[in-house]
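Beneath this line is the structure, given in structure tokens, with notes to follow.
The values are calculated or read from the model by the stated rules, or taken from the named source; none is laboratory data. Every value quoted in this text rests on a predicted model; they were computed, and no experiment measured them. Note that we place each Cβ from the backbone using ideal geometry, even for glycine, and neighbour counts take in every protein chain shown.
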Amino acid sequence: MTGAAQQTRQRRRGKELETALLEAAWQELFEVGYAKLTMESVAARARTGVAVLYRRWSNKNDLVIAAIRHYGATRPIEVPDTGSLRDDVITLLDSVAGARAGFLALVGAAFAGLLADAGLTPAQVREQLMADRPRVAGQVFQRAHERGEIDLDRIPPAVLAMPFDLLRHDMLMTFQPIPPERLTAIVDDLFMPLIAHTRLR
């Protein structure tokens, strides 16, 4: 081991070390994919010993889930505030589509590996990836509720989730940029009519 590498190991502690490990895991996932990623390859990229990883994550699957969650948490989507629900949702969908296309393609490949290796159901993997993550859309809907545009007590959760479920579906099925007209159609042709329907109930 070189003196520089030894100094790097000695210098990093606590949160700084954990962040370096998670960033290394994400880069390894990005460059070689889930199947070829190993605890040893992540440790080598992070310039540390593999035992350091095992003290924090018991196996590769736990490390990959942590790395994906870390990436999403440290690169948040800005919450739009245009003054209208329609424009906020379109802006948010556009931001997610632009920032998360490559992210979702990579996560989709890792998702398949996690299902095969960890024996988890799709719902269990999704829950582990999304647990405790702030919901940007929730802030948009709360603002619309406070403006009097919607009544959150009357809108089924499935209606609020629908635009983002459709966007996620399109992104995972195509791995391509989502055209602006598709985003507008999701909101104007599907989401807003459902929102209007809840006002008539």
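Some observations on this one:
- Wholly within the range 75-157, helices (runs of 4 or more DSSP H) carrying at least 2 residues that are modelled with pLDDT of 90 or more: 85-118, 136-147
Yes or no, residue by residue, for (1) within 19 Å of the chain's Cα centre (by Cα); (2) surrounded by fewer than 17 Cβ atoms within 10 Å (Cβ to Cβ); (3) acidic (Asp, Glu):
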position: Gly49; (1), (2), (3): no, yes, no
position: Leu53; (1), (2), (3): no, no, no
position: Val64; (1), (2), (3): yes, no, no
position: Ala67; (1), (2), (3): yes, no, no
position: His70; (1), (2), (3): yes, no, no
position: Ala73; (1), (2), (3): yes, yes, no
position: Asp81; (1), (2), (3): no, yes, yes
position: Asp88; (1), (2), (3): no, no, yes
position: Thr91; (1), (2), (3): yes, no, no
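- Residue pairs meeting the criteria (Cβ under 6 Å; at least 6 apart or on separate chains; first of a type outside the set (S, T, N, Q), in the range 35-56; second exposed (fewer than 14 other Cβ atoms within 10 Å of the Cβ) and assigned to a helix (DSSP H, G or I)): Arg47/Ala5; Val50/Glu40
- Restricting attention to the range 163-201, the residues that are assigned to a helix (DSSP H, G or I), over 17 Å from the mean Cα position of the chain (by Cα) and free of Cβ contacts under 8 Å to residues at least 60 places away in the same chain add up to 13.
- Count of the range 35-47 residues which are within 22 Å of the chain's Cα centre (by Cα) and of a type in the set (Lys, Arg): 1
Yes/no per residue for (1) more than 21 Å from Leu114 (Cα to Cα); (2) out of contact with any helix residue (DSSP H, G or I) (no Cβ under 7 Å at 6 or more places or on another chain); (3) modelled with pLDDT under 90; (4) not assigned by TED's automatic domain parsing to the domain that holds Gln124:
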| residue | (1), (2), (3), (4) |
| --- | --- |
| Ala24 | no, no, no, yes |
| Phe30 | no, no, yes, yes |
| Thr38 | no, no, no, yes |
| Thr48 | yes, no, no, yes |
| Arg55 | no, yes, no, yes |
| Asn61 | no, no, yes, yes |
